[in-house]
Structures are given as structure tokens and as C-alpha cells.
Amino acid sequence: MSSQDDANTSGIIAATILALSFAIVAVILRYIARRYQLMETYAEDWFIYLALVCKIGIDIGGIILLQNGLGRHINTLTRQQLVNFAKTQYSGSFLYPACITFVKLSILSQYRRVFASHSKAFKWQINILMALVVAWGIGIIITAILLCQPIAKLWNPAIRGSCIDLVKFYYGIQIPNILTDLLIIIVPIKEVLTLDLTRKLKFGAITMFLLGTITLCFDIVRLVAMLQLQNHLMDATYHLTEAAIWTTIEPSVAIIAVCIPSVRSLTRTRRNPTSTHPWGAERSDATAASVQEYIKPELLQRGGMEMAGLEPSKGGAESRTRDVESRAGLMERPDGVKGKLTGPAEEEERDERPAQWPRISLLLDR
């Protein structure tokens, strides 16, 4: 094996290990954060777990490809290695679209839940996007099944039959992938701008959604790398290196981007590790000001309390005000003055879980 072959192989191994490790850590931290917040397991969680399983499958396939000639010149490989290479690459035609589909469904499922109280038009947009994503995933898988007729022609060119143009197949994978990513980024921005949030929180929410642009960039880079193969099909095992690297990086970046909002809650907790409050924040009279900073009155009064992590109250505006004050650590004392609870009552209040904590940033974390 030449030094250049060694470099190609080393690059793929490094990219695979790093990409998979970061994706696994991100999903584990997401799981810990959601258990810490006592959150239910929603559809978006199951989708991201399935995406990680597919990602692991992609990287196992990458290891098998390395053992059978990926990164090496085709004239140095045995016939059996070429057969194994083609079969393994074929399996990746199912795992990659499945992984990306589950990531997109995780994002869209979270949109549906977070913006549950918003307009029907927005719900229809999300439903249509989900249908498009599912149709894309199924379409790619069906096309992969029909890639060659008979399918054995993929690893035995001597068999009589026909195959789909691989360049068109790559276009069919990546162009709809890029377009749906773009729509997933754009669609929620209008809804965030209509929320009664401070400018700081609107900017933060939009920034989290725009993390998807990172994945979009990797989509484009992977498309370019795949299309460059059309000029090197006679030595595909060697020139597939760059495309293989981006194929392992892109799904990992997508998984990490989905997990970042949930993981943010853990970083806030670490700011004050001695606090008894689940979010690591001090329980003091200043908390009342924090409530006003993060939640505009209009938000509480227009039925958007679930967006702030509060349960809607049935007692009207006055009852909602008492509810917020109670969760902020302020209660009516016997002398009629509102102040911080002390004694057993305070301990009881401190036992309330994070779902009660009125921080509008839950819009991003959940």
C-alpha cells in the first residue's frame, strides 16, 4: 500500500471515529438533559435515536469498505474485495437516506409540539414538509432497490441487465435533501418573529434554528464530492475517499445540531451547581424580575403559557399572576407582604420540577 493510500485510509478512519463519537455524546447528553427535566419521551426523541442507530450502521459499513479497498486503487484489489465493496456500498444506499429522514422528522416533530398552539396554516406547512421528507426517504430507498436489474449486476458487471445512471441517482438524493433542509430552516422563523418575546430571546431562538444552515453547507459539499466521482468511475474505490468522509460527517453534524438546544439546559445547571433549583438558578426576590424579563405579560394573557413552561391557569389573570409569583419563590406572608418563602414551605416549593419554571428559553430547550 502506497503512502497516499495510507493517507486516504487514515483520513477516513479519523473522520469516522470523530463524527460518530460526537454524535453519540450529543445524543447521550440530550437524553440526560431530558431525564433531568423530567420530560416525557416525545416522537422527536425516538426519531433521533433511530437516526443514531442508522448512523452507527453507516459507519460500520464504512469500516467494511475500508477493509475491502476504500481509499486504495482498484487495480490492487482482489475480485472478492470488489464484490464485498459493491455489496457494502449498496447497503449504504438504504442507511444514509433513512438516517437523514429520521433527523428531519425529529426536527419537524419538535416544531409541531413547540408551536402546537399556533395557526393552522403553520401546522399544514409542517405536515406537508413531513410528508415530503418521508416521500423523499421512501423514494430513495425504492430507487436503490431498483438501482440495477438484476441487483447482482452491481457487483458482477458480466451479468446481463441494466443499471440507473449513478450521477442522476446522486442528484436525486442530494438536491431534494438540500431543498427540504432549506425549508426546515425558513419555515419556523416567521413563527418565532410573531411571538411576544424580547429581541434577545427572538435572536436566540432564530440562531438555534439557523444551526441547520451548517447541515445545509455539508449537504452541498457532499453533493459536489459525489458528482466529482463521475470523472473517476474507473478507479472509484480510490476517488470515493472524499465523498465517504463527507458521508460520515454530514449525518453527525445534523444529529448534533438537533441535540444542541436540549444540551443547553445542562450548561445552565452547571453555572450554579450548589443550587437546589433544577436549573441551577438562585431562588431570591430577584427572580420576580427574571420572570418579567423573560416573559412579556401579553404572552401569559394570550394563552401562550405552555411556551413559557407554565401550565395554563383556570382562575384568570389574577390567578395566573399568583401562579407565576409562587413559582418564582414569592408568596403572600401573614403580614400581607410578598416575599421569599422560608422554612418547610420553602422546601416544598423547591421540590417543584423544572417543568414549572417560567423560562421562555424552554422554547429552545424542548
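Please treat every number below as a calculation from the coordinates, not as lab data. This structure is a prediction, so every number in the text was calculated from the model and none was measured. Neighbour counts run over all protein chains shown; Cβ positions are idealised from the backbone, glycine included.
The mean sequence distance of close C-alpha pairs (under 8 Å, at least 6 residues apart), as a share of the length of the range 3-270, puts its relative contact order at 31 percent. Fewest-first ordering of Trp246, Trp124 by other beta carbons within 10 Å of each residue's beta carbon gives Trp124, Trp246.
For the range 117-203, trypsin sites (Lys or Arg not before Pro) are listed when DSSP marks them as loop and at most 15 other Cβ atoms sit within 10 Å of their Cβ; the list is Arg160.
The calculated FRET efficiency for Ile142 paired with Thr198, based on their beta-carbon distance and R0 = 35 Å, is about 0.15. With R₀ fixed at 30 Å, the C-beta to C-beta distance from Leu183 to Tyr36 puts the FRET efficiency at about 0.40. Spread over its residues, the convex hull of the C-alpha atoms of the range 19-175 is 124 Å³ per residue. Hydrodynamic estimate: the Kirkwood radius of the range 166-259 over Cα pairs, inserted into Stokes-Einstein at 10 °C and 1.306 mPa s, corresponds to D of 106 µm²/s. In terms of surrounding Cβ atoms within a 10 Å radius of their Cβ, Phe203, Phe85 rank from fewest to most as Phe203, Phe85.
Going from the fewest other Cβ atoms within 10 Å to the most, the residues Leu223, Leu52, Leu146 appear in the order Leu146, Leu223, Leu52.
Shown here is the pair-distance distribution of the range 3-270: with all Cα-Cα distances grouped in 5 Å bins from zero up to the longest one, the shares run 1, 6, 12, 16, 18, 15, 11, 8, 6, 4, 2, 1, 0, 0 percent. For Gly161, no residue has an amide H sitting under 5 Å from its own, ignoring neighbours fewer than 5 places away on the same chain, with H placed 1.01 Å from N. Computed from backbone phi with θ = phi - 60° and the Karplus coefficients 6.51, -1.76 and 1.60, the 3J(HN,Hα) list for the range 143-158 is 4, 5, 4, 9, 4, 9, 10, x, 5, 5, 5, 4, 10, 9, x, 6 Hz; x is used for glycine and proline.
The label point for Ser91 and the one for Leu166, both projected 7 Å from the Cα toward the Cβ, are 1.9 nm apart.
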